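See below for the structure under consideration.
Coordinate-derived values only; no laboratory data. Note that the coordinates shown come from a computational prediction; the quantities given were computed from them, not determined experimentally.
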Amino acid sequence: MSALEVDRFREALLEERKRVEAAIQNLHDENPGTLAEDAGEETAYDNHLADTATETYDRELDYTLEENSEHVLAEIDAALKRIEESTYGTCTNCGTQIAEERLEALPWATLCIDCARDRGRG
């Protein structure tokens with residue numbers, strides 16, 4: 001992979017990192033406290049069961065989105081480290097070059113498409 005291509009992927013990763021960090025911050029801004037703090041102890045008993053269930057579902061969904069975003073952020077950081085170590089774009093399983101099309105779709109990919117398929121079957 002040429003230095004120009006690596007620079008292009010580095011920029012794409014940095015942009016995606018900013019986007020993911022902004023999404024995590026947005027989740028934190030929307031839900032700064034816990035569900036109990038949001039509802040308050042007294043109102044938790046006054047709310048209709050369906051209202052409480054909806055609030056709980058929404059909060060759990062936000063927690064899941066945050067967890068997934070943090071996982072993607074870690075993957076992006078690992079890809080940026082691989083760029084620094086000059087191992088970016090190499091499959092961590094078989095050592096072959098990861099196709100540029102795959103890296104364009106998933107810039108933090110660690111596996112070539114064949115190894116990813118094999119792992120998906122396992």
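The amide H of THR90, built 1.01 Å from its N in the peptide plane, has ILE98 as neighbours under 5 Å, considering only residues 5 or more places off or on other chains. Each residue of the range 106-112 was assigned a 3J(HN,Hα) from its phi angle through the Karplus expression (A = 6.51, B = -1.76, C = 1.60, θ = phi - 60°), giving 9, x, 9, 4, 10, 10, 5 Hz with x at Gly and Pro.
At the listed q of 0.12, 0.18 Å⁻¹, the Debye profile of the chain, built from one uniform point per Cα, gives log10 I(q)/I(0) equal to -0.60, -0.92.
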